[in-house]
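Notes follow once the structure below has been shown.
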2 protein chains.
Amino acid sequence: MGAPARKHDVFQAIADPTRREVLRLLAEKERPISEISAHFPISRTAISKHLRILSEADLVKGEKAGRERIYYLQPEPLTELKEWLSFYERFWNNKLQKLKYIVEEE
Amino acid sequence: MGAPARKHDVFQAIADPTRREVLRLLAEKERPISEISAHFPISRTAISKHLRILSEADLVKGEKAGRERIYYLQPEPLTELKEWLSFYERFWNNKLQKLKYIVEEE
DNA sequence: TTGACATGAAACCAAAAGGTTTTATATAAT
DNA sequence: ATTATATAAAACCTTTTGGTTTCATGTCAA
């Protein structure tokens, strides 16, 4: 009933720039690992590990298709981030309002 | 002109749960280090390091006041996160719409 | 001016993260 | 059947991270 209890945290999953780039690539379209890793200077194995972390955070999912495995984006867990952010939004809105006020006073 | 060029990444800064909790505490009100660290089972020095990372990401700022240093929230860098997120929002909106469609078809 | 307090800085440590290379396994193509 | 391809898994390595303890410094209070 509680939280999703993912093995990997969304916050931690998106902390790495390589993983964010992987997400971006998968947002464009689903791809097999080899195609993904072609975009990076590191080994396919390293990318495979990143994909495992992303999939443990439920941000991507992979399905076997013949001898390859096609990965695709699973964006739902990002709602958790959005909720976290929304708590802080009012703070920076206040800040911006104050700034606006100051500017208009001039 | 370009990006803020912070020493620490916002994504990386919020990856750690302790640092997120520090942010939450500072969202309530500004506090000196000792008061912050009283909320955690770890040493004051450890919290001090977390605060340094947060301030290098421009998420908090500290000002000396007598012999203590008062830290307060600086939420602006979170806009970067929000922008990053907004790119993905349409994806999960689509997903939810599709789900809604399926449910309504039943 | 001496002592207590708040923080900063340095040295150190263990575990985790991000890589690599090597080995294994399943599927496709010849 | 045999070979090539796509990925997974394991073993290993180095750097970073999150923590500790110890030492130094600045400020307030007696």
**Fill in**
Each residue of B:10-23 has, on average, a number of other protein chain C-beta atoms within 10 Å of its C-beta equal to 3
**Message:** Suppose every Lys and Arg Cβ carries +1 and every Asp and Glu Cβ carries -1, with no other charges. What dipole size does region A:10-76 come out with about its Cα centre, to the nearest 20 debye?
**Reply:** 220
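Could you please put A:Tyr71, B:Tyr72, B:Tyr88 in sequence from largest to smallest accessible area, using a 1.4 Å probe?
Reading off the accessible areas and sorting them downward yields B:Tyr72, A:Tyr71, B:Tyr88.
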**Message:** Give me the summed buried accessible area for the B-A pair, 1.4 Å probe, to the nearest 100 Å².
**Reply:** 2500
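For a quick check of your reading of the filter: which trypsin sites (Lys or Arg not before Pro) in region B:40-96 sit in a DSSP loop and have no more than 14 other Cβ atoms within 10 Å?
Qualifying residues, ordered by number: B:Arg67.
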**Item:** Copies compared at A:Ala65 - label distances in nm, ascending, label defined 7 Å from Cα in the Cβ direction
**Value:** 5.9
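The values are calculated or read from the model by the stated rules, or taken from the named source; none is laboratory data. As the structure is a computational prediction, the values presented were derived from the model and not from experiment. Every residue, glycine among them, receives a Cβ derived from its backbone with ideal geometry; neighbour counts consider all protein chains shown. Just so you know, the surface numbers come from the protein's heavy atoms only, side chains and all, with ligands and any DNA or RNA stripped out. Shrake-Rupley method; radii C 1.70, N 1.55, O 1.52, S 1.80 Å.
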